[in-house]
1. State all residues of the range 1-33 that are surrounded by 15 or more Cβ atoms within 10 Å (Cβ to Cβ) and without any contact (Cβ under 8 Å) to a residue 60 or more places away in the chain; if no residue qualifies, say none.
2. How about the range 1-99: which helices (runs of 4 or more DSSP H) wholly inside it have at least 2 residues that are under 19 Å from Asn125 (Cβ atoms) and at pLDDT below 95?
Amino acid sequence: MFKEILLAVDLGEESSWSKALPTALELVRNHEARLHVMTVVPDFGFSVVGQYFPKDYEHKMIEDMQRRLREFVTTHVPKDVAVHDIIGHGPIYSEILDAAESVKADLIVLASHRPGLQDYLIGPNASKVVRHAKCSVLVVRE
């Protein structure tokens, strides 16, 4: 049923993958699918903000995140699982949706924190992914 599974993680937040990764791995094994693990480096949003950082700051952030994602995959994804790592750069939900289309994902797996009043039912990024994804989305509660 699923052949391409995209797992979105925040490497700085263990709760974004501690339950979602085992869930994605189980689905990958059950469906003999390929796993795409992605993380997103947010952009500054406004050029006025970016002017206060060194010119190559975002480039260095992306390089560091690539290294960290490779370490994450090496450490947490079993060697027998076909895996591809992806770095997004921009608005989180938008980058997840773009990556899902790019890899032709059948399923997006992501975690969502317990809701507060400001983001009732699921977090704002997870909510946007659920609403706009062209494939199935599995939201794993932390």
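The values are calculated or read from the model by the stated rules, or taken from the named source; none is laboratory data. Computed from a predicted structure; not experimentally measured. All Cβ positions, glycine included, derive from the backbone under ideal geometry; neighbour counts span all protein chains shown.
1. If the condition is that a residue be surrounded by 15 or more Cβ atoms within 10 Å (Cβ to Cβ) and without any contact (Cβ under 8 Å) to a residue 60 or more places away in the chain, then Asp10, Leu21, Leu25, Val28, His31 are the ones that fit.
2. Details: elements: 20-31, 47-50, 57-76.
Fully inside the range 1-99 and qualifying: 57-76.
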